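**Student:** I have a structure here, written as structure tokens, and I will follow up with some questions on it.
No lab work stands behind these numbers, since they all come straight from the coordinates. The model shown is predicted, which means the values in this text are computed figures rather than measured ones. Here Cβ is always computed from backbone atoms with ideal geometry, including for glycine, and neighbour counts include all displayed protein chains.
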Amino acid sequence: MKNTGRKTENMQNDRYSKIVDEINRAKDIAVYCHTNPDGDALSSLLALGLALESLGKEVKFFCDCPVPDKYKCLKGSDLISLPDKRTYSLAISVDCASIDRLGGSMRSFLSARKQIAIDHHSSFERFCEITLVEGGAAACAQIVYKLLKKMKLVNKDIAGLIFAGIVTDSGCFQFSNTTKETHLIACELLDYDIPASDIIYNVFRRTDKAKFNLKTRVLSKAEFFENDSIALIVFSKKDFEETNTDTSCTEGIISELIDISTVEVAYALSEVGQKNYKLSIRTKNDVDASDIAMTFGGGGHFNAAGARVNGFLEDIKEKLIKLAKDRI
Ligand SMILES: [Mn+2]
């Protein structure tokens, strides 16, 4: 990792102690994750929240969407609810690169007396005074772990959650965001006797027939451009309807494209409304996915990013191909 000088380390330590101070001071704390939560967002939220509860704090776990079935296996997932109208002493967001990622939770988050953001996106846009951000870290759960370790709050349940978050966002230790530190943390987590292979199966591999049908259907229509260096799939409303699935079922399917040796940029467009698409981008080599996402007001990581895009499908495709072509 870059910037690991003594000075940066001290700055991070100051930041940790500032956050610990705020936590100690607060009696009631609301923790928040982003809209359409993934395994890292939910695991980070639950690990942090459960740890704060063990300190005797009154903790609320907020997300503006229900927990997807896939993640109901996470310890404490039944504690997560839609935000209420109360004003909390402290609000902490996890895995949110910008304020709008909070979606329907934004108002509740901002109404708290103090706010803290914990995040790992290189595209992070500061939206509150206190932040704990390590752009490029494999998962937000990795940063939550370092905080909870300093606070001596890690137990078996929390270790399992942190592991689930890391597994999700590192593609089970396969993506280029996986560093020595990621493996070292995983090693420490295994000391808590967590069911590692069960967690990997549940959050990373397990699928169901409907998702399988969606996957085979959409992949069979994949398009390739520029000598197979760019790949694109579209999840249309019809694909979702006829396979009895929805946008939450698309996770991971794009990996099949970027795994093809010639492909350097992979796109997935999911139709979410009239001329409205959710765009996912995966890249390899030196192509910056978050840079492409930012063209549409989105963001993310170097090799994985996303955005919302409006327009006619053919126009969007043309624009995406050009953006990729210019960067390969
Ligand atoms: Mn994440």
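**Student:** What does the charge count near Ile260 come to, summing +1 for each Lys or Arg and -1 for each Asp or Glu among other residues with Cβ under 14 Å from its Cβ?
**Tutor:** Counting the neighbours of Ile260, the net charge comes to -4.
**Student:** Only helical DSSP H runs with n ≥ 4 go in: add -39500 (n - 2.57) per run for the chain, normalise by residue count and round the 222 nm mean residue ellipticity to 500 deg cm²/dmol.
**Tutor:** -11000 deg cm²/dmol
**Student:** Then there is this: Between Thr262 and Cys65, what's the calculated FRET efficiency when r is the beta-carbon distance and R0 is 45 Å? Round to 0.05.
**Tutor:** Details: r = 36 Å, r/R0 = 0.80.
The formula returns an efficiency of 0.80 here.
**Student:** Relative contact order (percent) for the range 136-194, with alpha-carbon contacts under 8 angstrom and 6 or more residues of separation? Can you show the working numbers first?
**Tutor:** On the way: 53 pairs, mean separation 25.8, N = 59.
Once normalised by length, the contact order is 44 percent.
**Student:** Using only the Cα atoms, what convex hull volume per residue in Å³ does the range 1-101 have?
**Tutor:** Given the Cα convex hull of the range 1-101, per-residue volume reads 124 Å³.
**Student:** Sort Tyr145, Tyr192, Tyr32 so the one with the fewest other Cβ atoms within 10 Å of its own Cβ comes first.
**Tutor:** Listing Tyr145, Tyr192, Tyr32 from fewest to most nearby Cβ atoms yields Tyr192, Tyr145, Tyr32.
**Student:** Select from Thr168, Thr216, Thr87 the residue whose mean-square fluctuation is largest in a Gaussian network model of the chain (Cα-Cα springs shorter than 10 Å).
**Tutor:** Between Thr168, Thr216, Thr87, it is Thr216 that shows the largest mean-square fluctuation.
**Student:** Given the convex hull of the Cα atoms of the range 184-232, what is a quarter of its surface area in nm²?
**Tutor:** Answer in nm², one decimal: 5.7.
**Student:** For the residues Ser81, Ser170, what sequence is obtained by ranking on other C-beta atoms within 10 Å, fewest first?
**Tutor:** Ser81, Ser170
**Student:** What is the order of Asp291, Asp119, fewest Cβ neighbours within 10 Å to most?
**Tutor:** Asp291, Asp119
**Student:** Summarise the long-distance tail of P(r) for the range 273-327 by giving the % of C-alpha pairs beyond 17 Å.
**Tutor:** Taking all Cα-Cα pairs of the range 273-327, the fraction more than 17 Å apart is 30 percent.
**Student:** Okay, moving on. Given the chain, what whole percent of its Cα pairs are spread farther than 38 Å? Mind showing how you got there, number by number?
**Tutor:** Details: 7136 of 53628 pairs.
Here the long-distance tail beyond 38 Å is 13 percent of all Cα pairs in the chain.
**Student:** Treating the beta-carbon of each Lys and Arg as +1 and of each Asp and Glu as -1, no other charges, what is the dipole magnitude of the chain about its Cα centre, to the nearest 20 debye?
**Tutor:** 700
**Student:** When the scattering of the range 71-173 is computed by the Debye formula from its Cα atoms alone, each counted once and equally, what is log10 I(q)/I(0) at q = 0.21 Å⁻¹?
**Tutor:** -1.30
**Student:** Of Thr35, Thr179, Thr207, which has the largest mean-square fluctuation in a 10 Å C-alpha GNM of the chain?
**Tutor:** Fluctuation is largest for Thr207.
**Student:** Starting from the 7 Å offset along Cα-to-Cβ, what nm value, one decimal, do you get for the label separation of Phe173 and Asp208?
**Tutor:** Label-label distance for Phe173 and Asp208, simple model: 3.0 nm.
**Student:** A 32 angstrom limit on the alpha carbon distance is what I want to check against. Which of Lys75/Lys284; Lys18/Lys284; Lys75/Lys114; Lys72/Lys317; Lys75/Lys317; Lys75/Lys180 exceed it?
**Tutor:** Lys75/Lys284; Lys18/Lys284; Lys72/Lys317; Lys75/Lys317
**Student:** Please enumerate, by chain and number, the aspartates and glutamates with C-alpha under 13 Å from the C-alpha of Lys322, excluding those fewer than 8 residues away in the same chain.
**Tutor:** Within reach: Glu226, Glu314.
**Student:** Looking at the chain as a GNM with Cα springs under 10 Å, which of Val272, Val133, Val309 has the largest mean-square fluctuation?
**Tutor:** In this elastic network of the chain, the residue with the biggest mean-square fluctuation among Val272, Val133, Val309 is Val272.
**Student:** Could you grab the relative contact order for the chain? Cα pairs under 8 Å, six or more apart, rounded to a whole percent.
**Tutor:** 12
**Student:** When only Cα pairs under 8 Å and 6 or more residues apart are kept, what is the percent relative contact order across the range 241-300?
**Tutor:** 23
**Student:** Considering the options Tyr88, Ser123, Ile199, tell which one lies farthest towards the positive end of the dipole of the range 57-207, charges being +1 on Lys and Arg and -1 on Asp and Glu at the Cβ, about the Cα centre.
**Tutor:** Tyr88
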